[in-house]
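Notes follow the structure.
Since every read-out is calculated from the coordinates, none of them should be taken as a lab result. Source: prediction; values computed, not measured. Cβ placement follows ideal geometry from the backbone for every residue including glycine, while neighbour counts extend to all protein chains displayed.
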Amino acid sequence: MLLLASLDRGAPISKAEAEPDTHAAHGTMSDADMMQMARAAIAAHASRGARVARAARTSLAAPADSFLAVNFRFERDGIAATQVDTARILPGQSIRFKYGTGVHTVTSGFGSADPNIGVPFDNQMFSAADNFDWEYDDPGVYQFFCSVHEGLNMRGVIFVFSGTGSVEPIGMSVPRIGFVTTPGPNPTRAGVSFRFALAKPGHARIDVFDLAGRRIATPQDGNLGAGTFAANWDGKALDGRRVSPGVYAIRLSVPGASETRRVAVER
């Protein structure tokens, strides 16, 4: 992941975006008080290696999507009633985080209870000079929030899809590490689908073996973000041909778990 210098600092904000920020939910807290709170939050997270300095490096490609920090939400879809907006991008694409109104931070993680809060970024959002882009290289579910307005559920979600692979992120919750659902249908005449989850970003590998222990296929082998994923094995071997009828073992290896499930292939 790369922090990229903003390409639109000082860009005009539409009337709909520039809503007055009264900070009513914070009582009589002034902008100065909120700015001090934001600076304190960033300083508190700095020890986790989260703060990344602005780099004099620009992206050659335009960001795939953007979030605007305005009032008490990160706006993307233009609908004020949507408190938590979601963006969907491909690996290697970037998201632009832009200033609209108020005093905020853009902090990676699901909230202050996240053990990886502020990794990889924890940046102030006090003016358009703080706009920045962030590139996402691995498929997964990525969350971020405002440490100043966490109590108002000011956060956003980014789904990074592989585009061509058999594994796609489908949610943020992690009911358990490893298999979340059993591969099915079982028995099958074609292939099987299932879900699995990672509690933290890391390497995820799915292999299919026959009963002799020979590796038949590898539907997934690469890094994923934390979250729950939908996966499938199409019933084909490494050479692209359909496997023979029989029993096969699907082995899932993710950080903290290694599990195997058996499926029967019929004709």
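Values for this structure:
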read-out: Zero-based 5 Å bins, Cα pair distances in the range 144-198, whole percents; value: 4, 15, 16, 18, 17, 13, 8, 5, 4, 2, 0
read-out: Separation of the Arg241 and Asn223 label points, Cα + 7 Å toward Cβ, nm; value: 3.7 nm
read-out: Length released on extending from Arg251 to Ala81, taking residue separation times 0.36 nm less the Cα-Cα span; value: 56.9 nm
read-out: Rounded to whole Å, sorted largest first: equivalent-ellipsoid semi-axes of the range 64-136, Cα gyration tensor; value: 17, 16, 14
read-out: Label-point gap, in nm, between Ala32 and Ala190 - each point 7 angstrom along Cα→Cβ; value: 6.7 nm
read-out: Potential extension, His203-Ala264 segment - 0.36 nm per residue separation minus Cα distance; value: 19.3 nm
read-out: Dimensionless Rg ratio for the range 146-267, taking C-alpha atoms and the 2.2 N^0.38 Å reference; value: 1.20
read-out: Computed E for Asn116/Arg214 - FRET, C-beta separation, R0 51 angstrom, nearest 0.05; value: 0.85
read-out: Label-to-label distance, nm, for residues given as Ala62 and Val174 (7 Å Cα→Cβ offset); value: 3.6 nm
read-out: Trypsin sites (Lys or Arg not before Pro) restricted to DSSP loop in the range 127-229 with at most 16 other C-beta within 10 Å; value: Arg176, Arg189, Arg214
